[in-house]
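Some notes on the structure that comes next.
The values are calculated or read from the model by the stated rules, or taken from the named source; none is laboratory data. Note that the structure is a prediction, hence the values are computed from the model and not measured. Cβ placement follows ideal geometry from the backbone for every residue including glycine, while neighbour counts extend to all protein chains displayed. Heads up: the accessible areas ignore ligands, DNA and RNA and are worked out on the full protein's heavy atoms, side chains in. Shrake-Rupley method; radii C 1.70, N 1.55, O 1.52, S 1.80 Å.
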Amino acid sequence: MKTITDAKTPDRDWLKTYYYLRFAVSAIWVALAFTVAKAMPPLAAVMLVTYPAWDALANYLDASRSGGLTRNKIQMLNFVVSVVTAVAVAATLPHGMHAVLQIFGVWAVLSGLFQLLTGVRRWKSYGAQWAMILSGAQSGLAGAHMLSKAAGTAPVSIADIAPYAAFGAFYFFISAVSLTISGARRRSKAVAA
């Protein structure tokens, strides 16, 4: 049986590089959120806007490698929701962190659903998507938790969003490593054959 590679599907090397890039950016964001940004509200504000903006850019870049946003409706929705989230966070910052956390909670639920669906769609072509599927599901739970905290009266800050980003970084790293290992296995089987 001959396997036909779909031209709109990104290649494995791109996907692996993409996952490593997403890991690195998220890890840096988390490190800054737990350290410098806690003591520098202007930096925290910029970081809160740039996190969903980066997600929008990353979804755009990934979709462009697999036929564009119009061919990848789930990623197009994720792109749009992330852009709207970045704008909403920028507009909401003057109203306090509870309002910002509420926006992040809604975003986490929606982007988690889109990530889960993208992982399921890519499973057939690439395998090694279990971490992305799990990450999407966990993102939804994290969003519900953020919405719960946003409805409370306890003080909240960027540090309440950082664990969500940290888990995202972890899952992107696991996905990148999984693709690296499966690629090495595939190459070794090809050499042995």
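Yes/no per residue for (1) at pLDDT 90 or above; (2) out of contact with any Cys (no Cβ under 9 Å at 6 or more places or on another chain); (3) closer than 15 Å to Q115 by Cα:
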residue: Y19; (1), (2), (3): yes, yes, yes
residue: V25; (1), (2), (3): yes, yes, no
residue: V46; (1), (2), (3): yes, yes, no
residue: Y51; (1), (2), (3): yes, yes, no
residue: G68; (1), (2), (3): no, yes, no
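Restricting attention to the stretch 169-181, does a residue exist that is without any contact (Cβ under 8 Å) to a residue 24 or more places away in the chain, buried (at least 20 other Cβ atoms within 10 Å of the Cβ), assigned to a helix (DSSP H, G or I) and of a type outside the set (V, I, T)? Within the stretch 169-181 (the criterion being without any contact (Cβ under 8 Å) to a residue 24 or more places away in the chain, buried (at least 20 other Cβ atoms within 10 Å of the Cβ), assigned to a helix (DSSP H, G or I) and of a type outside the set (V, I, T)), the answer is no, since none of the residues qualifies.
Checking the structure you have, find out if any residue of the stretch 122-130 is surrounded by fewer than 19 Cβ atoms within 10 Å (Cβ to Cβ) and in contact with a Leu (Cβ under 6 Å, 6 or more places away or on another chain). No. Summed over the stretch 97-144, residues that are in contact with a Phe, Trp or Tyr (Cβ under 7 Å, 6 or more places away or on another chain) and of a type in the set (V, I, T) total 0. Please verify whether the stretch 150-165 includes one or more residues that are among the aliphatic types (A, V, I, L, M), part of a helix (DSSP H, G or I), in contact with an Asp or Glu (Cβ under 8 Å, 6 or more places away or on another chain) and within 23 Å of W54 (Cβ to Cβ). The answer is no, given that none of the residues of the stretch 150-165 is among the aliphatic types (A, V, I, L, M), part of a helix (DSSP H, G or I), in contact with an Asp or Glu (Cβ under 8 Å, 6 or more places away or on another chain) and within 23 Å of W54 (Cβ to Cβ). Among all residues of the stretch 82-99, there is at least one that is of a type outside the set (S, T, Y), in contact with a Pro (Cβ under 8 Å, 6 or more places away or on another chain) and farther than 16 Å from A165 by Cβ.
Residues are listed down the side, and each one gets a yes or a no for (1) charged (D, E, K, R); (2) outside any helix (DSSP H, G or I); (3) under 29 Å from R185 (Cβ atoms); (4) more than 12 Å from the chain's Cα centre (by Cα):
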| residue | (1), (2), (3), (4) |
| --- | --- |
| K124 | yes, no, yes, yes |
| G136 | no, no, yes, no |
| A144 | no, no, no, yes |
| S148 | no, no, no, yes |
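Specify which of the listed residues (A56, A63, A88, A99) is modelled with pLDDT under 95 and small (G, A, S). Unique residue meeting the criteria: A63. A165 meets the conditions (1) in contact (Cβ under 8 Å) with a residue 60 or more places away in the chain; (2) open to solvent by 40 Å² or more (accessible area, probe 1.4 Å); (3) under 18 Å from N59 (Cβ atoms) in every case but one. The failed one is (2). Count of the stretch 88-102 residues, restricted to those that are within 19 Å of the chain's Cα centre (by Cα) and within 16 Å of T153 (Cα to Cα), is 3.
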